[in-house]
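Worksheet: the structure to be examined is printed underneath.
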Amino acid sequence: MKAIPLTELMEAIEENNSRGCTNWGFCLACGAQQDGCEPDARHYECEECEERRVYGAEEILMMGAYIK
């Protein structure tokens with residue numbers, strides 16, 4: 001599982017909350033950032049690697065799948 005840097009994750013969450021329309025998520029297979037993900041998204045298909053490992057930024061935070 002690819003861990004997402006906490007700083008990158010928090011930036012995505014702040015942007016999601018301030019703009020309310022982007023909804024960033026990340027692929028835990030390849031690390032790609034993807035828009036159009038609900039905050040609690042799980043198993044969305046990645047546009048880069050096509051794995052079903054995209055999770056919403058808030059979901060990743062709750063899962064603890066990040067590095068400091």
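Listed by first and then second residue, the pairs linking a residue in the range 34-47 that is closer than 17 Å to T22 by Cβ to a residue that is of a type in the set (D, E) and open to solvent by less than 90 Å² (accessible area, probe 1.4 Å), with Cβ atoms under 7 Å apart and 6 or more places separating them unless they lie on different chains, are P39/E58; P39/E59; D40/E58; D40/E59; A41/E59. Of everything in the range 12-62, what is surrounded by 14 or more Cβ atoms within 10 Å (Cβ to Cβ) and in a helix (DSSP H, G or I)? Give them in sequence order. Within the range 12-62, A12, I13, E15, N16, A57, E58, E59, I60, L61 qualify.
Here is the figure for the range 20-57: residues that are within 9 Å of the chain's Cα centre (by Cα), at pLDDT 95 or above and farther than 10 Å from I4 by Cα total 6. When E14 is tested against the conditions (1) over 12 Å from the mean Cα position of the chain (by Cα); (2) touching a residue at least 24 places away in the same chain (Cβ under 8 Å), the lone failure is (2). Inspection of the range 7-15 finds a residue satisfying the criterion of being touching a strand residue (DSSP E or B) at 6+ places or on another chain (Cβ under 6 Å) and modelled with pLDDT of 90 or more.
The values are calculated or read from the model by the stated rules, or taken from the named source; none is laboratory data. All values derive from a computational prediction rather than experimental measurement. For neighbour counting, all protein chains shown are included, and Cβ atoms are generated from backbone atoms with ideal geometry for every residue, glycine included. Protein only, heavy atoms only, side chains kept; ligands, DNA and RNA dropped before computing areas. Shrake-Rupley method; radii C 1.70, N 1.55, O 1.52, S 1.80 Å.
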